[in-house]
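Okay, structure first, notes after.
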Amino acid sequence: MSALYERFERHDHGRGLKAQATHYCPGCGHGLAQQYLAQAIEKLGVQDRTVAVSPVGCAVLLYYYLDVGNTQAAHGRAPAVALGHKLAHPESVVVSYQGDGDLASIGLTEILHAAQLGIPLTVIFANNAVYGMTGGQLAPTTLLGQQTTTSPRGRGREMGQPLRMAELIAQLEAPVYVERVALYDAKQRVRAAKAIEKALRLQVEGAGFSFVEVLTECPTHLGLSPVEAERWVKERMTPVFPLGVKKDVAATPWGPWPEPSFDPEAVLAAVGAEPLADGAAPARVHALPPAGELGFKLAGAGGDGAQTAALLLVRAAIDAGLDATHIPSYGPESRGGTSYADVRIADGQVLSPDASAPDALVAFNAPSLARFGPAVRPGGLALYDGSVIAAAPALDPSVRLTGLPITGIARELGQPLVKNVVALGALQALTGIFPEERFLSTIREALRKRPALVEVNAEAFRRGARAAREA
Amino acid sequence: MARMEARPKPVLREDWCKGCGRCVEVCARSCIAPGEQVNPGSGLVPISLRLDDCNGCGLCVDACPEPYALVAAGLAGRLAAARPPAPWAPPPEVPAERVPVPERRPLVLKGTHASAVGALLAGCRHFFGYPITPSTEGAELMAKLLPALGGTFLQAASEVATVNHMYGCGGAGRPSMTFTSSPGFSLMLEGISYMIGAEVPGVFVDVMRAGPGLGNIGPEQSDLKLACRGLGHGNTHAPVLAPATPQEMLDFTALAFELAFRYRTPVVVLADGHLGQMTGKVSLPRELARPGLPSWAVPGDAAHRGNLVCSLLLEEAQQERHNLALLEKYARVTAAEQRAELFRCDDAELVLVACNSPARTAKGAVQALRAEGIRAGLFRPQTVWPFPIRHLAPLLGRARAILVVEASDGQLEDELRLALSHAGRAPGEIRHVRRLGGVLPAEGEILAAARSLSAEVRQ
Ligand code: SF4
Ligand code: SF4
Ligand code: SF4
C-alpha cells in the first residue's frame, strides 16, 4: 500500500487536477523529499503506526499527501509536538518534517532539545536557503551574499551567518544518526532516499533520534529554472553545507516504555491515601470555643520549625474530624529569614484561612513576638520562647502572655530541633484544643518513616505540656 | 534506488506534469525533451516523451518532484481509476471509565499538591512543564509520583515547548497537564490558541502571581483577563475554573480533565500563589478515571490513520464555518458549565463577589458583617468563563449593591460587568476592594468598604 494518498482529497476537496497534484511550485525539492519519506514508510511497513507532523512553511500541507496519522504544528514547534505524540504512544513512529525558517530560526530551541533528549524521533529538515511561503525572505541558512527580499543587496555578516544544522545536531551526544543529503542529481537522490529510510528505520528499531538535512531547491525564490536551481544547490550550497554522514553511532535502544497504570490501589497508594482508621469516621474530640473557629500564628526564624509545627497542628485537627488550613509566609531572605505560619481550625469549614488576629500566638524569637503579639485577640494567648526572649513587650492585659524555656527543654533532650514540638505540647496544655493523645498519635504517624525520632518528639511534647501546666 | 535493472517504461500523465524539466537531464537515452504545447488542463507545458530508446531505468521517475506526473505503468492505471473515497469514518470512541474506590482518610495537602493528586486521580499520566515559582511544587510532586504509575514527566525546554508537547500528547488522545504561573502562562498562549483551533484537550494549572512583567511571586489574580478574554489570537475561549480551597484544587483539576475531553478543549485552572501554598483538608473522590481514546485522536494506529489534528483551514468559508462551530461549542459550555458557590446569599442585600483566595477572606468578612446585622452574602464564581451569571441573576432583585473583592486591577469586575450587560441586567451600585502587586485584600478593608456601602444604599 502506498503511503501517499492516491487522491489528495484535502487539496481543494480533491477537485480537478489537484486531486493528484501537489501544491508545490514546478521543480520544488519538497516534492522529492516527501516522496522518499513515503517510500521509506512503505518499505518499513509502518504506515499504520506513523504520525507525520507538518510544519509552518511551504510544507505546511504535508498532510494533504501522506496517508498516515497527521498533525499540523505551530511555526517551529514540530519537534515539541512530535515528542508529545511519541510519549503519548511510544509504539508510534513520529516524523517531523520542517523547513529552514521553521527549524533553524524560530524553532531552534525545540529542535536542539528534542535532539539532545534523544528519544526516537525522525526529523526531516528541508534546507533551501530561503523563506518560501512568505515570499523569499532571508533564512537562517541563506548564504552570505545571497539576495533575498529582505537582504536585497545580499546577506552581509551584519545579518548573521548561515547556520549549519546537521553539524550542530551531530555534535550533541544523544542523536544516533545525522546526515546531510541533496537532490541535485540521480546519485544524490538515491542517497537522500536511503538516508531518509535509514533515519526512519532507526526510530522503528528504537535506536534514537535521527536527523536528515535535505538541501532542497526553491526555484521560485532563487529566480532560477529548476535545473539551474539543482546546479545552484550543488555549486553554491554544498561548499557551505557539505554533504555526508555527520554522525552514525550505535546506541542502546530505548524501551521498554512504561505502561501507564490505572489500577485504583496503585493510584491511591501513590498519592498516599490510607484506609479510614478502623473503617469508622474519626471521632470529633476537641474543645473549640462556641464560635467554632480558632486562629493560630506560629512565627520565628527559618529553622525554628514553625511551618512543621503548623502542619502538625493542622493534621491533628483534621484527624480529629475538624477542618483546618495552613498558610506559610517567608521573609525575603530565602534561607534563615523569617518564617510565619497561619493556622485556622474550624468545626465546620474554615472560612478565611488568614490569622492576622490570632487566638493564639507561638513566637520563637523576639521580632516575632514584637510584631504579632499586639495582634493577638483580646483574651487570647501569646506563648513565647523564654530561652531566647529575655524581656517580653507589654501586650493587652487580657492576653495571656506566657514565656517558657522552649529551646532549653529541647536542648535538655539533646535535640534542639524538637523545640517546635515542645511548643506544641505547651500550646496543647494551655488551650486544651485536643486530647494529648490526639497530638501524640499525629506525631507518631508523621514520623512513621523515621521511627528513631518518635520517642524524643513524644517526650518533647510531654515536657512542653508539663512546663506549661507548671508555669 | 538505482533501478538499473530493466523495468517497465514510465508513463507521463501530461495533465499533472508541471514541466519543471528535472527529468530531462537524467535520461541517458535522450527520451525526454522540454515540451512546447501548453496543457489546457494545467496551463503548464509538460515535457514530451519518446520512449523508443527507453530502457526503463526509472531515473526520470525518481527525479520527478510530482508524485503522479511521471509514473510506472501499473500505477498510472490505478491513478486513472482512483475515485473519491467514502468520507473518512473514524473508529468509535473508547469511552473513559469511572472506577469506584472505597472511602479513604482525608489527606492534608497544599494547593499545588492537591491539584497534582487530582490530575493523577483523573487519569493524567503525562506531565510537561517548565519550573516557575510559585507553581513548581505541583510539578515536583508529579515528577515524584508519575514514575510509580508508568507515567511520563518531561521538563520542557520552555513554556512554549510545554504547550506544544501538550498539543502533541492531547492530539494523540491522551490527557496531559502543566503547572505554570503568570509569565509562563503568557508564553503558552500561542499554543493554547492552536489547541483551541485544532480542538485539542489539555489542562493548564496557572498559579497566578503579580505582574506585569516579572512582577513578583506574591499572589495576584493577574491572569483572569488573559484566561477569559485572551487565550491567544483569534476566536478563543476555554473553560476557566477558579478554586478557592485545596479541596477544590483537587476537585477542579479532576473536573478540568473531564471538561477537556467532553468539549475537546484546553481548560484553565486559575489558582493564586496564596492558594497554591495553602494546606488544608482534602477528601478524595469516590471514583477514579481510566481514560479512553477519542475517535478523533491521532495515536499512530491503523484505526485512526485518516485523522488530522490541525487548525489551518485555507478557505475562508471553511474557516468561518469552523469558527461558527466553535461559537456553538462556547454556547454549549456557557449553558451547561456555569458554576458558583452562594454563601448566605438568600436574603443578601449586599453581595460580595470574589473568587480564589480573596473569596475566602470575603467569606470571613460576610460572617463578620452578618454578626453586625448587615445582610451580606458571598457570590463566588467557580467558573470565571463562563461567568456564572445564571446563579447571580436571581440575587439581583433583592441585592442593592455589589462589592467586588479581588487581587487585581478589576479583571473580575470586568467579567462581572460584561456578563451583566450581556444578560441585560443593570444592578444597583457596584463597588470594589482591589489590591495588587502580591497583596491580598484584608478582611478589615473589606469590612470597611462593605459597611459604608451598606449604609449608603440603605439611605
Ligand atoms: S516557494 Fe520554493 S519551497 Fe515553496 S513550494 Fe515554491 S519552490 Fe517550493
Ligand atoms: S526510464 Fe530511464 S531511459 Fe526511460 S525515459 Fe526514464 S530515464 Fe529515460
Ligand atoms: S520532472 Fe515531472 S513534473 Fe518535472 S517535467 Fe518531468 S515529468 Fe514533468
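Quick note: the coordinates plus some simple rules give every number you see, no bench work behind them. Given the structure is predicted, the values throughout are model-derived calculations rather than measurements. All Cβ positions, glycine included, derive from the backbone under ideal geometry; neighbour counts span all protein chains shown.
The mean sequence separation of alpha-carbon pairs under 8 Å and at least six residues apart, normalised by the residue count of region A:136-213, gives a relative contact order of 24 percent. The label point for A:Ala390 and the one for A:Glu274, both projected 7 Å from the Cα toward the Cβ, are 4.5 nm apart.
Take the Cα of B:Asp347, go 7 Å toward its beta carbon, and the backbone nitrogen atoms of region B:368-403 under 18 Å from that spot belong to B:368-379, B:395-401.
Working from Cα pairs under 8 Å separated by at least six residues, relative contact order for region A:16-248 is 21 percent.
For chain A, the longest principal axis of the Cα atoms and the long axis of helix A:436-446 meet at an angle of about 30 degrees. Cβ-to-Cβ counts within 10 Å put A:Lys43, A:Lys86, B:Lys225 in ascending order as A:Lys43, B:Lys225, A:Lys86, the fewest first. Looking at region A:414-460, the trypsin sites (Lys or Arg not before Pro) that sit in a DSSP loop and have at most 16 other Cβ atoms within 10 Å of their own Cβ are A:Arg448, A:Lys449. Taking the number of Cβ atoms within 10 Å of each Cβ as an exposure proxy, the fewest-first ranking of A:Glu293, A:Glu455, A:Glu437 is A:Glu437, A:Glu455, A:Glu293. Extending 7 Å from the Cα toward the beta-carbon at both A:Ser398 and A:Glu437 defines two label points whose distance is 3.6 nm.
For B:His126, the residues 5 or more places off, or on other chains, whose built amide H falls under 5 Å of its own are B:Thr152, B:Met177. Compute the helix-to-body angle for A:186-204: its Cα long axis versus the longest principal axis of chain A, expressed 0 to 90° and rounded to tens. Helix A:186-204 and the main axis of chain A meet at about 30 degrees. Using the Karplus relation 6.51 cos²θ - 1.76 cosθ + 1.60 with θ = phi - 60°, the per-residue 3J(HN,Hα) values for region A:16-27 come to x, 5, 4, 4, 9, 10, 7, 8, 6, 5, x, x Hz, with x marking Gly and Pro. Compared with the dominant Cα axis of chain A, that is its longest principal axis, helix A:419-431 is turned about 50°. Taking a point 7 Å from the Cα of A:Lys449 along the Cα-to-Cβ direction, the residues of region B:86-111 with backbone N closer than 19 Å to it are B:105-111.
Overall, the anisotropy analysis places region B:370-455 in the oblate class: the square-rooted eigenvalues a ≥ b ≥ c of its C-alpha gyration tensor yield a/c not less than 1.5, with a/b not exceeding b/c.
Taking all Cα pairs closer than 8 Å and separated by 6 or more residues, the relative contact order of chain A comes to 9 percent.
Put in order of Cβ neighbour count within 10 Å, fewest first, the listed residues A:Glu110, B:Glu14 become B:Glu14, A:Glu110. Residues whose amide H comes within less than 5 Å of that of B:Val353, counting only those at least five positions distant or on another chain, are B:Phe379, B:Leu403, B:Val404, B:Val405 (H built at 1.01 Å from N in the peptide plane).
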